[in-house]
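Worksheet: one structure, shown below.
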Amino acid sequence: MTRKSLAEIALVLVLTLVLAACGGGNDKGKDKAGEGEKGEDYGVKVIRIATGGTGGTYYPLGGDFANFIKKATGIETNAITSSASTENMELIKKGKAEIAFTQMDIATYAIEGTKMFKEKVDNIEGMGVLYPEAIQLVTTEKSGIHSVADLKGKNVSVGESESGTLANAEQILEMYGMSLDDVKASDLSFDDSMAGMQDGTIDAAFITATTPTGAVEGLAATDKVTIVPIDHDKIAALIKKYPYYSKETIKKGTYDAKNDIHTVAVQAMLVVNSDLSDDLVYEMTKAIYENTDKIGHEKGKQISAKHALDRMTIELHPGAKKYFDEKGISAETK
């Protein structure tokens, strides 16, 4: 074989390799925005997950969920910051988010157009429950407050204006035959509430959050914290009237508590824009609930498909329902 023939063969081989690299045998590289690995057209080019502040729980969870969804669908997916539940419902309503974290009660108010919502948010449907957020009535040992009834006439932080915490405070007071008029109410953030207890301007504060809550731990570092329990009969009455509540126990040792503390919780959950296709919501739901072992935040341990419909009070998106039906999971009202 001549040198010329060898050179020609080498040239052919080089050209073959170049064409293979350009044409690619990897079909995934051909995916278009809005299409999954198999080429499905889901009708959207980007998925935005409305979460909360960067220091909260929703935001890091949202980052993990975005990664799961992007891998499953091929669609660019991002977690975006917000002021959490109430604003997130508005973001869905205005088409500025496709998925949103929220409290179950807030989602219910949004659909009904009650409490902090002047108009109904008619384009949200449920995707799944995540974990409980406890209503914590925080005070200090020196306050002398041992029950909800003791709040009468006291300086009480009831949560920021139009917040879920404010609604929770109103409903718990209602069970004791009281209203905001029976306390000296202040609408403070969690951090400002704890600062108020430290300087003596606030006697107690309602906090709706996962436990332990950072702001409360900060107070516990300087003062003897007490979490006021809710009486069993009041818990039963509250759940009967407002079914998005559930029983919750703050375990002994939390904030150095000597005993378990009985209270209630509302569920943190995901909602989606009801206009999203059934196929897309199915794939997103599957991506999240079948990758819970890969969630970096400690709350991932509490998230499971098994409990994703617990106390669900709003209508499920058909795509999410299809996934849970396949898993044999139905709504529970425990």
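The values are calculated or read from the model by the stated rules, or taken from the named source; none is laboratory data. Since this is a predicted model, take the numbers as computed values, not measurements. Positions of Cβ are backbone-derived with ideal geometry, glycine not excepted, and every protein chain shown enters the neighbour counts. Please note that ligands, DNA and RNA were not included when accessible areas were found on the heavy atoms of the full protein model with its side chains. Shrake-Rupley method; radii C 1.70, N 1.55, O 1.52, S 1.80 Å.
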- Using a 1.4 Å probe over the heavy atoms of the protein chains, calculate the carbon and sulfur portion of the accessible area of region 133-266 as a whole percent. 46 percent
- Note on the structure: Given the candidates LEU137, SER246, VAL281, the one whose Cα lies deepest towards the positive end of the charge dipole of the chain, counting +1 at each Lys or Arg C-beta and -1 at each Asp or Glu C-beta, is VAL281
- Message: Using a 7 Å offset from the Cα along the Cα-to-Cβ direction at both SER83 and SER277, what is the distance between the two label points in nm, to one decimal?
- Response: 3.6 nm
- Task: Sequence neighbours fewer than 8 away in the same chain don't count; with that in mind, list the aspartates and glutamates whose C-alpha is under 20 Å from LYS294.
- Result: ASP64, GLU76, GLU283
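Among 316-325, 179-188, what's the highest-first ranking by average C-beta atoms within 10 angstrom per residue? Present the calculation step by step, with values, prior to reporting the outcome.
On the way: 316-325: 21.1, 179-188: 16.0.
Output ranking for 316-325, 179-188: 316-325, 179-188.
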- Got a sec? Charge dipole of the chain, +1 on Cβ for Lys and Arg, -1 for Asp and Glu; which of SER85, GLY200, TYR109 is way out at the positive end? SER85
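What percent antiparallel are the DSSP beta bridges of the chain, to the nearest 5? Show your work: numbers first, answer last.
Values: 31 of 45 bridges.
In the chain, approximately 70 percent of DSSP beta bridges are antiparallel ones.
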- Ellipticity estimate at 222 nm from DSSP helix runs (n ≥ 4, -39,500 (n - 2.57)) divided over the chain, nearest 500: -10500 deg cm²/dmol
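Keeping all protein chains in place, calculate the accessible area per residue for the chain (probe 1.4 angstrom), answer in Å². Let's see the in-between values first.
Details: 16250 Å² over 334 residues.
With all protein chains present, the chain gives 49 Å² per residue.
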- Message: Rg over Rh of region 84-125, using C-alpha atoms and the Kirkwood radius, what does it come to?
- Response: 0.89
- Pairs LYS96/LYS120; LYS184/LYS301; LYS45/LYS306; LYS115/LYS252; LYS118/LYS152; LYS154/LYS299: which exceed 28 Å Cα-Cα? LYS184/LYS301; LYS45/LYS306; LYS115/LYS252; LYS118/LYS152; LYS154/LYS299
